[in-house]
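This report concerns only the one structure given below.
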Amino acid sequence: MIHKLLNETFDLILMKMDQKLHISQKSSHRDLVTNVDQEIEAFLSRRIKEMYPECQILGEETDKDIDLNDKQVWIIDPIDGTSNFVAKGQEFGILLTHYQYGKAVEAYFCDVIKRDIYHCIRHQGVTKNHAPFTRDYDLSLKTSLISMSACFLQRHVKHKDQLIKDSLGIRYAGSCAIDGIGVLEGWLGAYGIRIASPWDIAPHLLFAKELGLVCLNLDGSEREIHQDTPFIFGQKEIVETLLEYC
Ligand code: IPD
Ligand code: CA
Ligand code: CA
């Protein structure tokens, strides 16, 4: 049912992209919101509520104070990568996570333009567009592209020059969804995330558990949903090696 809803949402977003966008700033010129972010959040919230009448919705654009320990919570990031959405109309996603009594039970990463839907169910693995999804995660730092923003590199990587030399290269898509998908697919060995809210990273935490990936804070501890510290999502060996550069 959620797959069908997501496919409808892709169509709706594409339709809205043909119309005039209304863009406003939130905290700064780099923190944008459009009418599409708000309308898609309202659409997804309404439709999910119809399917799960008892659920609470934690959505980025409404950001109500919701307790994840409640019986049923859906976390929604309606457009992840709004700057990409506004500037280039691609490389943005949708992120959805379903919590029950404080535990993530399923989550979705979507690449809207490619219409790819990655779905993870706790203890039942991952599918991509309904087909079983597994990858061999066997990159080394030398063979791995690493995703990090300039800010992450500047502020959190002490040995940045060495890291640039030792890795295959540094890349950054600018969307927790799209960079996250890069890690799932094995195109990226790891992705450094600076400041993120629950809707940005809840899927990463669940997918990591199912696929044998890790989400580690820079002190090596496991990332928790409500922390606001930088962390690295990726293949275990690569993340552990990266921590030595931080
Ligand atoms: C942002 C993007 C960005 C990440 C920020 C997020 P938004 O989400 O995922 O890549 O660095 O932390 O807030 O605001 O475009 O949904
Ligand atoms: Ca986001
Ligand atoms: Ca968003």
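The values are calculated or read from the model by the stated rules, or taken from the named source; none is laboratory data. These numbers come from a predicted model, not from an experiment. Here the Cβ is made from the backbone with ideal geometry for all residues, glycine too, and neighbour counts use every protein chain on show. Please note that ligands, DNA and RNA were not included when accessible areas were found on the heavy atoms of the full protein model with its side chains. Shrake-Rupley method; radii C 1.70, N 1.55, O 1.52, S 1.80 Å.
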TODO: Return yes when Asp37 is closer than 23 Å to Lys128 by Cα, in contact (Cβ under 8 Å) with a residue 24 or more places away in the chain and within 13 Å of ligand 3 (Cβ to nearest atom) and no when it is not.
DONE: no
Task: Matching option when the condition is free of Cβ contacts under 8 Å to residues at least 60 places away in the same chain, of a type in the set (Gly, Ala, Ser), closer than 29 Å to Pro78 by Cα and more than 16 Å from ligand 2 (Cβ to nearest atom), among Gly125, Gly169, Gly182, Gly189 - done: Gly189
Open item on the list: I'd like the residue in segment 91-111 that is surrounded by fewer than 16 Cβ atoms within 10 Å (Cβ to Cβ) and of a type outside the set (Lys, Arg) and, out of all such residues, is farthest from ligand 2 (Cβ to nearest atom).
Closed with: Tyr101
Task: Ala190, sole failed condition from (1) of a type outside the set (Asp, Glu); (2) open to solvent by 10 Å² or more (accessible area, probe 1.4 Å); (3) over 28 Å from Met15 (Cα atoms) - done: (2)
TODO: Could you please find all residues in segment 36-69 being open to solvent by 90 Å² or more (accessible area, probe 1.4 Å) and touching a Gly at 6+ places or on another chain (Cβ under 7 Å)?
DONE: Asn69
Task: Failed item in (1) of a type outside the set (Phe, Trp, Tyr); (2) in contact (Cβ under 8 Å) with a residue 40 or more places away in the chain; (3) closer than 19 Å to Ser197 by Cβ, with Asp111 passing the rest - done: (3)
Task: Single unsatisfied condition, Pro132 versus (1) at pLDDT 95 or above; (2) surrounded by 15 or more Cβ atoms within 10 Å (Cβ to Cβ) - done: (2)
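Residues are listed down the side, and each one gets a yes or a no for (1) within 16 Å of ligand 3 (Cβ to nearest atom); (2) touching a helix residue (DSSP H, G or I) at 6+ places or on another chain (Cβ under 6 Å); (3) on the phi < 0 side of the Ramachandran plot:
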| position | (1), (2), (3) |
| --- | --- |
| Asp77 | yes, yes, yes |
| Ser83 | yes, no, yes |
| Val86 | yes, no, yes |
| Phe92 | yes, yes, yes |
| Lys114 | no, no, yes |
| Cys120 | no, yes, yes |
| His130 | no, no, no |
| Thr134 | no, no, yes |
